[in-house]
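Report on the following structure.
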Amino acid sequence: MFFLALGDVAWFILEFLGQEPFPSIADILYILYYPFFGLGLLIIPVERKTDKFKAIFDFCIISAAIATIVWIFLLKPVILAGGSPIEVLFSAIYIIGDFLVIFILVDFIINKIGSLKSRAINIFLAAIIILLLSDLLFAAGEFYGFYYSGCLLDVGWIIGYLLLTLSTVEFRFEDFEKPVYSQERAWIMEHFPDFFILSLFILFLFVIFNFNIKTAQGFAIAFLIILSLTIGRHHATLLENRKLIEDLNAEKNRAELYLEIAAWGLIFLDDKARIQYINRRGLEILEGNEEDVKGKNWFLNFVPANERVEREKKYFKHIREDEGYTITGKIITCKGNEKIM
């Protein structure tokens, strides 16, 4: 960010002196920003999550979509346009640098963190993304002739710098003793790749009707590759969900086994006092089978009439108040025998 600031100062001075700022020393300073900032993102000590195949597919889909757009609309036209070799070189480096930093940012967001609980870091990343997009739009504007100094595109840089300033203010007030990263992915990340696929499809239609057939064919190949990655992503999601269901079923079976072999009779009632579950020991106490007991109202079927009203009233009172209680009383088994429980 320091080199980026120096580049802005050098650019301003050259324009103020009436000299051409491109290409110049300002470009060298701007270019130094990319490797340092990219390296900074790469070495942030956050646990990678590349063991999750879905996250890898998300990263590949988004990166491939961005690379396709950058190559067809920016990098390829700039290289083929000709002109001064030094100008073409600097223009290409800018575009590649912006793409690489976006590439690293996508890797950081998709594969290294699930969600950020830090306002400062969220604002900082938003600022960087806006600045990078402004750079790419500037490159497109310069090439296609719709950029001029003071136009609406300049607002992107202004917003980016204002957000950077705001992020530094937020850093001063944030408590970094608390963890700022969550391993649980934010819900928006689940739909992040879908947004890029939809955007790429719209651009594909635009390319078909507005570009030559060779460019459209190249775009179609890239689009097919990305669709293949999307199919792989959905397959990985299905496998992940299947494993999750298997794990849940295994946990459920394990819990039921513990309940079945318990030495105590365990009977679970719902909010209408119907028996939803009874373990083996409970059936022994009630002297019946599961079909004789399950789904029946506990008080109507297994509590003596002279105790029923008082015990039922107490049960529903504690259900409403979400409180536990202990009671000793008579029960009637399936065979009509009385027991103390």
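The values are calculated or read from the model by the stated rules, or taken from the named source; none is laboratory data. What you are looking at is a predicted structure, and each value in this text was computed from that prediction instead of being measured. Every residue, glycine among them, receives a Cβ derived from its backbone with ideal geometry; neighbour counts consider all protein chains shown. Just the protein is used for accessible areas: all its heavy atoms, side chains included, with ligands, DNA and RNA removed. Shrake-Rupley method; radii C 1.70, N 1.55, O 1.52, S 1.80 Å.
Observations on the model:
- Boolean, S24 is over 21 Å from I225 (Cα atoms), open to solvent by less than 60 Å² (accessible area, probe 1.4 Å) and touching a helix residue (DSSP H, G or I) at 6+ places or on another chain (Cβ under 6 Å): yes
- Checked against (1) open to solvent by 20 Å² or more (accessible area, probe 1.4 Å); (2) within 30 Å of L229 (Cβ to Cβ); (3) in contact (Cβ under 8 Å) with a residue 40 or more places away in the chain; (4) assigned to a helix (DSSP H, G or I), L39 passes all but condition (3).
- Number of residues in region 328-341 that are over 23 Å from E291 (Cα atoms) and open to solvent by less than 70 Å² (accessible area, probe 1.4 Å): the value is 1.
- Scan of region 297-322 for residues that are closer than 17 Å to I267 by Cα and either surrounded by fewer than 11 Cβ atoms within 10 Å (Cβ to Cβ) or of a type outside the set (D, E, K, R) (or both), ordered by number: N297, W298, F299, L300, N301, F302, V303, Y315, F316, H318, I319
- Those residues of region 109-128 which are surrounded by 17 or more Cβ atoms within 10 Å (Cβ to Cβ) and assigned to a helix (DSSP H, G or I), in sequence order: I109, I110, N111, K112, A120, I121, I123, F124, L125, A127, I128
- Verdict on I221 being in a helix (DSSP H, G or I), within 24 Å of the chain's Cα centre (by Cα), among the aliphatic types (A, V, I, L, M) and at pLDDT 85 or above: no
- Pick from region 279-296, criterion among the small types (G, A, S) and on the phi < 0 side of the Ramachandran plot, ranking: most open to solvent (accessible area, probe 1.4 Å): G288
- In region 209-228 there is at least one residue matching the filter, namely being open to solvent by less than 100 Å² (accessible area, probe 1.4 Å) and farther than 20 Å from K76 by Cα.
- Just so you know, in region 51-83 the residues that are part of a loop (DSSP other than H, G, I, E, B) and without any contact (Cβ under 8 Å) to a residue 60 or more places away in the chain include one that is most open to solvent (accessible area, probe 1.4 Å), and it is D51.
- Checked against (1) over 34 Å from the mean Cα position of the chain (by Cα); (2) closer than 14 Å to A139 by Cβ, K76 passes all but a single condition, namely (1).
- Of the helices (runs of 4 or more DSSP H) lying entirely inside region 288-341, those containing at least 3 residues that are within 49 Å of the chain's Cα centre (by Cα) are 290-293, 305-321.
- Given (1) under 24 Å from I128 (Cβ atoms); (2) touching an Asp or Glu at 6+ places or on another chain (Cβ under 7 Å), index of the condition K54 fails: (1)
- The single residue among I159, I123, I130 that is farther than 26 Å from I56 by Cα and at pLDDT 90 or above turns out to be I159.
- The condition (being outside any helix (DSSP H, G or I) and in contact with a strand residue (DSSP E or B) (Cβ under 8 Å, 6 or more places away or on another chain)) is satisfied by just one residue among I275, I285: I275.
- Cβ-Cβ under 6 Å pairs, at least 6 apart or on other chains, region 130-158 side among the aliphatic types (A, V, I, L, M), far side assigned to a loop (DSSP other than H, G, I, E, B): L137/L153; L153/Y147
- Residue match in region 265-278 (condition: among the basic types (K, R), open to solvent by less than 80 Å² (accessible area, probe 1.4 Å) and modelled with pLDDT of 90 or more): no
- From the list L200, L164, the one residue that fits, being modelled with pLDDT under 85 and under 30 Å from the mean Cα position of the chain (by Cα), is L200.
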